[in-house]
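Input: a single structure, listed below in structure tokens.
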Amino acid sequence: MAKMTLEELRNLRNTQKKEIDKRDIAGKEIQVIVGMGTCGIAAGARETMKAFLATLEEESIRNVIVKQTGCMGLCYAEPTVEVIMPEMP
């Protein structure tokens, strides 16, 4: 295996830090929760989640966290997404 240069290591660290920061909930007041049970995945939940993540990245929106959960019990309405915002019902 070839050795990495210091610059390559720094680039790798920065890339990984960005990925980790996406999952950090600190400072993120809005939650988007995607139902990722097997029924949801079959109905397109994975693509839905990717679309949310891509849009947040493209628009540089940093106060939203996208999470996944198991089956939400609404299989007939899959894919399901729950949005939680402060001071909203």
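Figure legend. Inter-residue proximity from segment 15-28: first residues closer than 14 Å to Ile61 by Cβ, second residues exposed (fewer than 10 other Cβ atoms within 10 Å of the Cβ), beta-carbon distance below 8 Å, spacing 6+ or different chains. Indicated pairs: Gly27/Asn63; Lys28/Asn63.
So in segment 58-68, with the set limited to residues that are open to solvent by 60 Å² or more (accessible area, probe 1.4 Å) and over 10 Å from the mean Cα position of the chain (by Cα), which one is nearest to Ala26 (Cα to Cα)? The selected residue is Arg62.
Part of a loop (DSSP other than H, G, I, E, B) and among the β-branched types (Val, Ile, Thr): is that true of Ile61 in this structure? It is true that Ile61 is part of a loop (DSSP other than H, G, I, E, B) and among the β-branched types (Val, Ile, Thr). A single member of Leu74, Leu9 is open to solvent by 50 Å² or more (accessible area, probe 1.4 Å), hydrophobic (A, V, I, L, M, F, W, C) and out of contact with any Ser or Thr (no Cβ under 9 Å at 6 or more places or on another chain), and it is Leu9.
Every residue, every condition in (1) open to solvent by less than 70 Å² (accessible area, probe 1.4 Å); (2) under 13 Å from the mean Cα position of the chain (by Cα), yes or no:
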{"site": "Thr15", "(1), (2)": "no, no"}
{"site": "Arg23", "(1), (2)": "no, yes"}
{"site": "Glu29", "(1), (2)": "no, no"}
{"site": "Val32", "(1), (2)": "yes, yes"}
{"site": "Ala54", "(1), (2)": "yes, yes"}
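Say whether the condition of being touching a helix residue (DSSP H, G or I) at 6+ places or on another chain (Cβ under 8 Å) and either of a type in the set (D, E, K, R) or in a loop (DSSP other than H, G, I, E, B) (or both) is met by at least one residue in segment 42-51. So far as segment 42-51 goes, no, none of its residues is touching a helix residue (DSSP H, G or I) at 6+ places or on another chain (Cβ under 8 Å) and either of a type in the set (D, E, K, R) or in a loop (DSSP other than H, G, I, E, B) (or both).
The values are calculated or read from the model by the stated rules, or taken from the named source; none is laboratory data. Note that the structure is predicted; figures quoted are calculated from it, not measured. Cβ sites come from the backbone with ideal geometry, for glycine too, and all protein chains shown count toward neighbours. Just the protein is used for accessible areas: all its heavy atoms, side chains included, with ligands, DNA and RNA removed. Shrake-Rupley method; radii C 1.70, N 1.55, O 1.52, S 1.80 Å.
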